[in-house]
Amino acid sequence: MQNKLYDIIIIGGGPAGLTAGLYCSRAGFTTLLLEKGLLGGKLTDISDIENYPGFPDGVNGAELALKMQNQAKRFGLEVVHSAIESIKLEEKIKHVKTNSSQIYISKAIIIASGSDSVKLNVPGEDNLRGKGVSYCATCDGPLFKNASIAVIGGGDSALEEALFLTRFAKSVTIVHRRDSLRAVKILQDRALANEKIKFIWNSVVSEIQGSSSVEKLILENVKTGKKENFVCDGIFVYIGLKPNTAFLNGIIKTNEYGYIITNENLESSSPGIFAAGDVRKKQLPQISTAVGDGALASFSARKYLEEF
Ligand code: NAP
């Protein structure tokens, strides 16, 4: 049987993909969204979003994700849960192959596959994952009541999640590789003023140790090279993000870190393929900018389909 030819396939169901799904299906295009995990993407990991307009008291990420998906589905967006293995181009038709070897075809693609947490890549990280090593404070924070926790990183994510973890933990120690933070000032001020939060500066984790769960970290001072033990019950890693673009296999241009390069209309280097959200090279990866990207990529896809 011939595969259904969709107008648009969206890869990724975070805020960029769900917004694209809303705009494309509402505009009357047959639209399929492929998502490997939960709809909402990283949104579902955020406990309290303070800087998304329209929610003066903040909003829980999972709640916002549910509202976004319900809104998109209302206009007929189809959703399939599957990871992408590759994209192949046959003339103007795009073939998207999933890791279960299913092939979906479309005239246009919007890639909104987002980014994942960077790992520390140190001994103990993999085997103690889920046993005290975490990348999601929203998911795992409540398991650490009265615990001593280390948070690694000095960016917005590290500080925001360290502040969230103080609701449960006895103490939260932020370990940062420099002596000044990357995070925005409002988060720095809050973290520095919080009595439960301590800082260890100029230090990186060289090993995570524990028999059945995390017991201690080996920290190395990057200035002196001195190593010290840091006893704790859990470690939350927030050292940045890497784009989910492995499935592209060079069919469109990315930068040296794998982020998709687009023009101002969010067109990639390949006609009919657009990128939106954290997966593309951009100045400000935020929920609000991902939403804007989703709308703009849909508009550009619509223009492309008018000439198809
Ligand atoms: P990020 O801004 O890239 O910060 C990563 C942090 O980890 C930096 O402090 C970096 O140190 C440190 N780091 C990197 N590699 C390391 C390593 N191997 N070992 C130890 N430390 C390491 O990442 P992010 O905090 O996840 O934020 C990603 C983007 O999302 C940012 O643009 C951020 O503004 C945005 N964001 C926004 C919000 C919000 O608006 N509420 C919340 C979360 C994230 P250096 O500083 O020395 O480079």
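Couple of notes before you dig in:
- So LYS88, is it farther than 30 Å from ILE208 by Cα, more than 21 Å from the chain's Cα centre (by Cα) and surrounded by fewer than 14 Cβ atoms within 10 Å (Cβ to Cβ): yes
- Residue, nearest to the ligand (Cβ to nearest atom), within segment 39-76, restricted to residues that are at positive phi and open to solvent by less than 60 Å² (accessible area, probe 1.4 Å): GLY58
- Of residues in segment 259-286 being open to solvent by less than 40 Å² (accessible area, probe 1.4 Å) and among the small types (Gly, Ala, Ser), the one nearest to the chain's Cα centre (by Cα): GLY277
- Restricting segment 226-254 to residues that are open to solvent by less than 40 Å² (accessible area, probe 1.4 Å) and in a loop (DSSP other than H, G, I, E, B), the residue that is farthest from ILE197 (Cα to Cα): ILE252
Quick grid of which residues meet (1) at pLDDT 95 or above; (2) under 30 Å from ASN127 (Cβ atoms); (3) within 16 Å of the ligand (Cβ to nearest atom):
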position	(1), (2), (3)
GLU215	yes, yes, no
PRO243	yes, yes, yes
PHE247	yes, yes, no
SER268	yes, no, no
GLN286	no, no, yes
LEU305	yes, no, no
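- Taking every residue in segment 237-266 that is under 30 Å from LEU128 (Cα atoms) and pairing it with any residue that is outside any loop (DSSP other than H, G, I, E, B) and open to solvent by 70 Å² or more (accessible area, probe 1.4 Å), at least 6 positions away or on another chain, the pairs with Cβ-Cβ distances below 8 Å are PHE247/GLU85; TYR257/LYS242; GLY258/LYS242; GLY258/ALA246.
The values are calculated or read from the model by the stated rules, or taken from the named source; none is laboratory data. The shown structure was predicted, so the numbers you read here are calculated from the model rather than taken from an experiment. Every residue, glycine among them, receives a Cβ derived from its backbone with ideal geometry; neighbour counts consider all protein chains shown. For the accessible areas, the whole protein counts, side chains as well, though only heavy atoms, and no ligand, DNA or RNA atoms are used. Shrake-Rupley method; radii C 1.70, N 1.55, O 1.52, S 1.80 Å.
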